[in-house]
1. Which whole number in µm²/s is D for the range 237-339 by Stokes-Einstein, with the Kirkwood Rh taken over Cα pairs at 20 °C and 1.002 mPa s?
2. Any idea what % of Cα-Cα pairs in the range 193-234 are farther than 13 Å?
3. Label-point separation (nm) for Arg49 and Gln396, each offset 7 Å from Cα along Cα-to-Cβ?
4. Taking a probe of 1.4 Å, how large is the accessible area per residue of the range 1-96, in Å²?
5. Semi-axes of the equivalent ellipsoid for the chain, please: Cα gyration tensor eigenvalues, times 5, square-rooted, ordered largest first, whole Å.
6. Suppose the chain between Lys329 and Asp14 were pulled fully straight at 0.36 nm per residue; how much longer would it get relative to their current alpha carbon spacing?
7. Within the chain, what percent of beta bridges assigned by DSSP are antiparallel, to the nearest 5?
8. Counting only trypsin sites (Lys or Arg not before Pro) that sit in a DSSP loop (anything but H, G, I, E, B) with at most 15 other Cβ atoms within 10 Å, what is the longest stretch of the chain containing none of them?
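The values are calculated or read from the model by the stated rules, or taken from the named source; none is laboratory data. For clarity, every value in this text was computed on a predicted model and none was experimentally measured. All Cβ positions, even for glycine, are placed from backbone atoms using ideal geometry, and neighbour counts span all protein chains on display. Note: areas computed on protein heavy atoms with side chains; ligands, DNA, RNA excluded. Shrake-Rupley method; radii C 1.70, N 1.55, O 1.52, S 1.80 Å.
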Amino acid sequence: MADVLNRTAREIRDEVAGGTLSAVDVCGASLDRMDAVNPALNAFNHIARDRALERAGEIDRQRASGATLGPLAGVPIALKDNMCVKGMRTTASSRILDNFIPPYDATVVARLERAGAVIVAKTNCDEFAMGSSNENSAYGAVKNPWAADRTPGGSSGGSAAAVAARCVPLSLGSDTGGSIRQPGSFCGVVGFKPTYGRVSRYGLLAFASSLDQIGPFGRTAADAALALSVLAGPDGADATTATEPVPDYLAALTGDVKGIRIGVPRAFVSEGVDADVRRTFDEALETLRAAGATLVDVELPHAKYAIPVYYLVATAEASSNLARYDGVKYGYRSPHGKDSLKALYSRTRDEGFGPEVKRRIMLGTYVLSAGYYDAFYLKAQQVRTLLRRDYEKAFQKADVVAMPTSPMPPFKLGEKTDDPLQMYLADVFTVSANLTGAPGISIPCGFAAGRLPIGLQLTGRMFDESTLFRIADAYERLTDWHTQSPVI
Ligand code: GLN
């Protein structure tokens, strides 16, 4: 049964619907695989064995009764542990939510389950999705399936590792500044961040509300497209969702890139990029050019400010979003705060939050404070507008913009933990898509020395996810990077 996990989500769904594969068997294989690799990877905060087997049994019964099955029928899926599942512990990898059992489902959870997907696990991540290496988790770092001494990326490291390690064909992450694309790149899988507003965040534990998006990881662009087609669309429970019609993403997979214009911001990607990353980036562009795409030069003059702008906006919003964790209604409550309400708040937050989350709450509170608001937060918002204009201009000349996903291959665990600034700089190529709202994808495009995966990032026009899927799928037909798997 183990080889069933080498199948794509689409293959599993078709076989389950066709009756040649039982959802319970697929689910069992996924659960066994998670149990087998988790001691080495630490990718899962919670494996939902009983609930998953019960749901899978339900799918098999539906099929036996002749019911039409959904587009993800019988597909095992892992969710980043910042998405609420009713009755299932959801922690955001934070001590402050260590005992939190949500009383409701996130919209993405309801949509996945309506489509027949089977939620098998909650994945480890950086605390409240703050980080680029998964080392900020209260439950310890996730290991990269390709190299145990390396980070899987972050913050959705567990979700990326779960797909890379063949535990599940699909998983969900959240991307506020690169947290789907960068771990996708580090783990050698596809990571997709939809356009801001495309997917409901109802039931996602908020980090930075003007940046957060939920999206899928898969081994192929087609599987990511299938997942997005289930997740996308307006939601009455999230006023920020867009009413833009959702196209048929799978229909976009024509295999043809002729005439597509790929914008390359040469000046921006020329500095501080690892040699292997640069080589694989150039080779990937050449592959697409040889297949009929056109490469065009684009300028992103404000992209060099993207990191400071992101870390001002994201921390400001985080400081506000995280104010709700006070030990009163839910989550951790300090036993040492009995003297006063203030003591309850401060002891709970001091004991419940980890160091990086505290750093961000303090930085965010500072940049929003009277006297500094204009100098930092307002200025950041103004530069954000300039960055958006850079992209609008680039998209007049090009259909997509290409960059490496990360300036470096997966780095060593512990390498950047003492230097937050170095950690933040790892996000240089991913944060712009969040600041502008544009959709983005990372696709496996090669390896650095030591078989460390490298990703190619494509950013698209607002709501044009289809072109990203189309190019990624065509690239997969021309290369075999996405078919390779790590030995754990
Ligand atoms: N690495 C970025 C940060 O730490 C992005 C995180 C994310 O996308 N959730 O803020």
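1. After rounding, the answer is 111 µm²/s.
2. Value for the range 193-234 (Cα pairs over 13 Å): 52 percent.
3. Distance between the two pseudo-spin positions: 6.1 nm.
4. On the way: 3890 Å² over 96 residues.
On a per-residue basis, 41 Å².
5. 31, 30, 20
6. Using 0.36 nm per residue and subtracting the Cα-Cα distance, I get 109.0 nm.
7. Once the DSSP bridges in the chain are tallied, antiparallel ones form about 70 percent.
8. 87-257
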